Amino acid sequence: MDKQKADEILMDFLPKIYGFALKKSFSYDEAEEVCANITKELYESLIKSKEICNLDGYVWRISEHVYSK
């Protein structure tokens, strides 16, 4: 996937990812850290992938995985 498309996807999902991080964390600082880690992993994964069939599921799967780490 090209970087411009990955950036667009991240911008679309960023508020939802931050909301997910807020629900799972105990403070705003922790939520920002979790959100940053999810965003980093998601961006790296999007750049490596060629085609994604279910984008919502893909994003939430990565979010859950990063949170569990």
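The values are calculated or read from the model by the stated rules, or taken from the named source; none is laboratory data. Every value quoted in this text rests on a predicted model; they were computed, and no experiment measured them. Don't worry about glycine lacking a Cβ; one is built from the backbone with ideal geometry, like all the others, and counts go over all protein chains shown. Note: accessible area is taken over every heavy atom of the protein model, side chains too, but ligands, DNA and RNA are not part of it. Shrake-Rupley method; radii C 1.70, N 1.55, O 1.52, S 1.80 Å.
Of everything in the range 31-57, what is surrounded by 14 or more Cβ atoms within 10 Å (Cβ to Cβ), among the charged types (D, E, K, R) and more than 15 Å from S68 (Cα to Cα)? Give them in sequence order.
E32
Please specify each residue of the range 45-64 satisfying the condition of being part of a helix (DSSP H, G or I) and at pLDDT below 90.
To start, the set of residues in the range 45-64 that are part of a helix (DSSP H, G or I) comprises 45-48, 55-64.
Passing the criteria: none in range.
Hey, can you tell me all the residues within the range 3-38 that are of a type in the set (D, E) and under 15 Å from L55 (Cβ atoms)?
The first filter runs over the range 3-38 and keeps only residues of a type in the set (D, E), leaving 7-8, 12, 29-30, 32-33.
Those that are of a type in the set (D, E) and under 15 Å from L55 (Cβ atoms): D7, E8, D12.
Can you tell me which residue among A21, A36 is in contact with an Asp or Glu (Cβ under 8 Å, 6 or more places away or on another chain) and part of a helix (DSSP H, G or I)? It would help to see each step written out before you state the result.
On the way: A36 fails: in contact with an Asp or Glu (Cβ under 8 Å, 6 or more places away or on another chain).
Going through A21, A36 in turn, just one is in contact with an Asp or Glu (Cβ under 8 Å, 6 or more places away or on another chain) and part of a helix (DSSP H, G or I): A21.
Spot the failing condition for Y28; the list is (1) open to solvent by 40 Å² or more (accessible area, probe 1.4 Å); (2) among the hydroxyl-bearing types (S, T, Y); (3) within 10 Å of the chain's Cα centre (by Cα), and only one is missed.
Only one criterion is unmet by Y28, namely (3).
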